[in-house]
Amino acid sequence: MESIKEIYKIGLGPSSSHTMGPRFASERFVAKVKNAARFEVTLYGSLAATGKGHLTDVAVLEVLESVAPTTIVWRPDVFLPFHPNGITFKAFDAAGNVKNEWTVYSIGGGNLAEEGKSRFKKKVYAMHTIKSILDWCDRTGKSFWEYVEDCEGEGIWDHLKVVWDAMQASVKRGLEAEGVLPGPLGVRRKAVMYYMRANGFTGSLKSRGLVYSYALAVSEENASGGEIVTAPTCGSCGVLPAVLYHLHTSKGFSEQRILRALATAALFGNVVKTNASISGAEVGCQGEVGVACAMASAAACQLFGGTPAQIEYAAEMGLEHHLGLTCDPMCGLVQIPCIERNAYAAARALDSNLYATISDGKHRVSFDKVVAVMKQTGKDLPSLYKETSEGGLALLK
């Protein structure tokens, strides 16, 4: 597996696959093309189907048009075999000849891949299943976050500190912002309302309401094109920060323990990314919000003193109970049902932690088996339920 740094990317929303990825790809293409007279960009499949709602064209044009005039061609009817999010760049000289051409795929989480090449960067982890890592924990007496440190080096904590600071900032900005989100749906920001009302309650009602408000805050920031952290994607960016921010502020968990929880969460996300997918266009929202819930479940369980077996169980439940979740955004926007779904998944992560912590950690279905089932379920889902806005809730426009 590659570094967990590839799981947590700081950037602008609303979509890691449809906004961040195309922006990164545009920057790479411009860097290797000199003296282009104009550019042509063709967006395929899911990338074209919901690209306007996800600001794909804005992300591409902001980079390319600073160099030369750019035309975007939308081909939602064409799905390239390697991945649903295909994009082809062409650079032309003044005579109209193609100087350079590049086809690349935005595979989720802001990551890019080329057909015929590995989807992953430098290998950092020797083990790529939770079972093998869990066996290592049993042999050594260490926990998941210690495996991350062993493989990544102590410098990973500086990186995770930056990630944690960005997550907290997105929560705080979201709690201050009000008004209507961009786009034709007229969705009003609700984070501040939930926050104020939650503080009028006591006990479990207050706790749950605050978690909702934090998840809404980050997801609304993402939907408005604000800066967030992929965890593992933009569309699911509210789940993990909401859980960790809540536990940090209400339970007093130290920053050091939060960073360790971030490491464990990313390890589980990395396993899914390696063995299945975190792309909504490829496997549906189970690969985004489902994986985010699993990551947050593992992080919470570790913070509350769960054993490695209990942490694995919490993550397994977080993912298992999102199996089959479709990606069907209305109007191609990361708003309905995405924002509300983040809040609900954050609460479900805390429930998964509680359920696992009370248990002895023993269960029939392992996390790795659920990952395999998720991958197959994603393949079986018709394309209209995978970020094309052609089925499901997306039809309720």
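The values are calculated or read from the model by the stated rules, or taken from the named source; none is laboratory data. Note that the structure is a prediction, hence the values are computed from the model and not measured. Methodologically, a virtual Cβ is constructed for each residue, glycine included, from the backbone with ideal geometry; neighbour enumeration extends over all protein chains shown. These area figures cover heavy atoms from the full protein model, side chains too; ligands, DNA and RNA do not enter into them. Shrake-Rupley method; radii C 1.70, N 1.55, O 1.52, S 1.80 Å.
In the stretch 109-149, what count of residues is obtained for those that are hydrophobic (A, V, I, L, M, F, W, C) and in contact with a strand residue (DSSP E or B) (Cβ under 7 Å, 6 or more places away or on another chain)?
Residues of the stretch 109-149 hydrophobic (A, V, I, L, M, F, W, C): 112-113, 120, 124, 126-127, 130, 133-134, 136-137, 144-145, 148.
Filter once more, keeping what is in contact with a strand residue (DSSP E or B) (Cβ under 7 Å, 6 or more places away or on another chain): 112-113.
The qualifying residues number 2.
Is it true that some residue in the stretch 73-90 is over 26 Å from the mean Cα position of the chain (by Cα), free of Cβ contacts under 8 Å to residues at least 60 places away in the same chain and either more than 19 Å from VAL30 (Cβ to Cβ) or surrounded by fewer than 19 Cβ atoms within 10 Å (Cβ to Cβ) (or both)? It would help to see each step written out before you state the result.
Of the residues in the stretch 73-90, the ones over 26 Å from the mean Cα position of the chain (by Cα) are 73, 90.
With free of Cβ contacts under 8 Å to residues at least 60 places away in the same chain added as a condition, the list becomes 73, 90.
Checking the rest, the ones that are also either more than 19 Å from VAL30 (Cβ to Cβ) or surrounded by fewer than 19 Cβ atoms within 10 Å (Cβ to Cβ) (or both) come to 73.
Yes, the stretch 73-90 has at least one match.
Has the stretch 376-388 got at least one residue that is part of a helix (DSSP H, G or I), of a type in the set (Lys, Arg) and open to solvent by 10 Å² or more (accessible area, probe 1.4 Å)?
Among the residues of the stretch 376-388, at least one is part of a helix (DSSP H, G or I), of a type in the set (Lys, Arg) and open to solvent by 10 Å² or more (accessible area, probe 1.4 Å), which makes the answer yes.
Consider ILE107 carefully, then state whether it is outside any loop (DSSP other than H, G, I, E, B), under 30 Å from GLU149 (Cβ atoms) and either without any contact (Cβ under 8 Å) to a residue 40 or more places away in the chain or in contact with an Asp or Glu (Cβ under 8 Å, 6 or more places away or on another chain) (or both). Talk me through it step by step, then tell me what you get.
Details: outside any loop (DSSP other than H, G, I, E, B): yes; under 30 Å from GLU149 (Cβ atoms): yes; either without any contact (Cβ under 8 Å) to a residue 40 or more places away in the chain or in contact with an Asp or Glu (Cβ under 8 Å, 6 or more places away or on another chain) (or both): yes.
Yes; evaluated as a whole, the condition is true for this residue.
Just to verify a result, which residue in the stretch 302-323, among those that are touching a Ser or Thr at 6+ places or on another chain (Cβ under 6 Å) and open to solvent by less than 10 Å² (accessible area, probe 1.4 Å), is farthest from LEU393 (Cα to Cα)?
Among those that are touching a Ser or Thr at 6+ places or on another chain (Cβ under 6 Å) and open to solvent by less than 10 Å² (accessible area, probe 1.4 Å), it is ALA314.
I want to confirm something. Restricting to the stretch 254-290 and keeping residues that are surrounded by fewer than 24 Cβ atoms within 10 Å (Cβ to Cβ) and of a type in the set (Ser, Thr, Tyr), which single residue is farthest from LEU112 (Cα to Cα)?
Checked the stretch 254-290; the qualifying residue farthest from LEU112 (Cα to Cα) is SER254.
When the residues of the stretch 185-229 are narrowed to those that are closer than 20 Å to SER15 by Cα and free of Cβ contacts under 8 Å to residues at least 24 places away in the same chain, which ends up surrounded by the fewest Cβ atoms within 10 Å (Cβ to Cβ)?
The qualifying residue surrounded by the fewest Cβ atoms within 10 Å (Cβ to Cβ) is GLY186.
Return yes or no: is VAL148 touching a Leu at 6+ places or on another chain (Cβ under 6 Å) and at negative phi? Outline the logic, then answer.
On the way: touching a Leu at 6+ places or on another chain (Cβ under 6 Å): yes; at negative phi: yes.
Answer is yes for this residue.
With the requirement that a residue be assigned to a loop (DSSP other than H, G, I, E, B), under 21 Å from ALA59 (Cβ atoms) and either of a type outside the set (S, T, N, Q) or out of contact with any helix residue (DSSP H, G or I) (no Cβ under 9 Å at 6 or more places or on another chain) (or both), what does the stretch 84-98 give you?
The initial filter retains those residues of the stretch 84-98 that are assigned to a loop (DSSP other than H, G, I, E, B), namely 84-85, 93-97.
Now restrict to residues that are under 21 Å from ALA59 (Cβ atoms): 84-85.
Within the stretch 84-98, PRO84 is the sole residue that qualifies.
Going through the stretch 351-369 one residue at a time, which ones are surrounded by fewer than 24 Cβ atoms within 10 Å (Cβ to Cβ) and in a helix (DSSP H, G or I)? Walk me through it before giving the result.
We begin by selecting, within the stretch 351-369, every residue surrounded by fewer than 24 Cβ atoms within 10 Å (Cβ to Cβ); these are 351, 354-355, 357-366, 368-369.
ASP351, LEU354, TYR355, THR357, ILE358, ASP368, LYS369, listed by residue number.
Would you pick out the residues in the stretch 46-83 that are among the charged types (D, E, K, R), modelled with pLDDT of 95 or more and either in a strand (DSSP E or B) or farther than 18 Å from THR19 by Cβ (or both)?
ARG75, the sole residue that qualifies.
Going by what's in this entry, would ARG197 be described as under 30 Å from LEU55 (Cβ atoms) and at pLDDT 95 or above?
On the way: under 30 Å from LEU55 (Cβ atoms): no; at pLDDT 95 or above: yes.
Criteria not met by ARG197.
From (1) farther than 24 Å from ASN270 by Cα; (2) without any contact (Cβ under 8 Å) to a residue 24 or more places away in the chain; (3) among the hydrophobic types (A, V, I, L, M, F, W, C), pick out the condition that doesn't hold for LEU354.
Here LEU354 clears every test but (1).
Conditions: (1) outside any helix (DSSP H, G or I); (2) more than 21 Å from ASN85 (Cβ to Cβ); (3) open to solvent by less than 30 Å² (accessible area, probe 1.4 Å). ILE133 meets all but one. Number of the miss?
(1)
Among the residues of the stretch 142-180, write down those that are part of a loop (DSSP other than H, G, I, E, B), open to solvent by 70 Å² or more (accessible area, probe 1.4 Å) and more than 17 Å from SER3 (Cβ to Cβ).
Quick first cut of the stretch 142-180, residues part of a loop (DSSP other than H, G, I, E, B) only: 142-143, 153-155, 177-179.
Now restrict to residues that are open to solvent by 70 Å² or more (accessible area, probe 1.4 Å): 142, 154, 178.
Those that are part of a loop (DSSP other than H, G, I, E, B), open to solvent by 70 Å² or more (accessible area, probe 1.4 Å) and more than 17 Å from SER3 (Cβ to Cβ): LYS142, GLU178.
Contact list please: Cβ distance under 6 Å, first residue in the stretch 377-397 and within 16 Å of GLY108 (Cβ to Cβ), second residue surrounded by fewer than 16 Cβ atoms within 10 Å (Cβ to Cβ) and among the β-branched types (Val, Ile, Thr), pairs at least six apart or on different chains.
none
Considering (1) assigned to a helix (DSSP H, G or I); (2) closer than 23 Å to ALA298 by Cα; (3) open to solvent by less than 20 Å² (accessible area, probe 1.4 Å), say which one PRO232 fails and leave the rest.
If we test PRO232 against (1) assigned to a helix (DSSP H, G or I); (2) closer than 23 Å to ALA298 by Cα; (3) open to solvent by less than 20 Å² (accessible area, probe 1.4 Å), just (1) comes out false.
Quick test of your reading of the structure: ASN35 fulfils all but one of (1) outside any helix (DSSP H, G or I); (2) buried (at least 18 other Cβ atoms within 10 Å of the Cβ). Name the failing condition by number.
With (1) outside any helix (DSSP H, G or I); (2) buried (at least 18 other Cβ atoms within 10 Å of the Cβ) applied to ASN35, the lone miss is (2).
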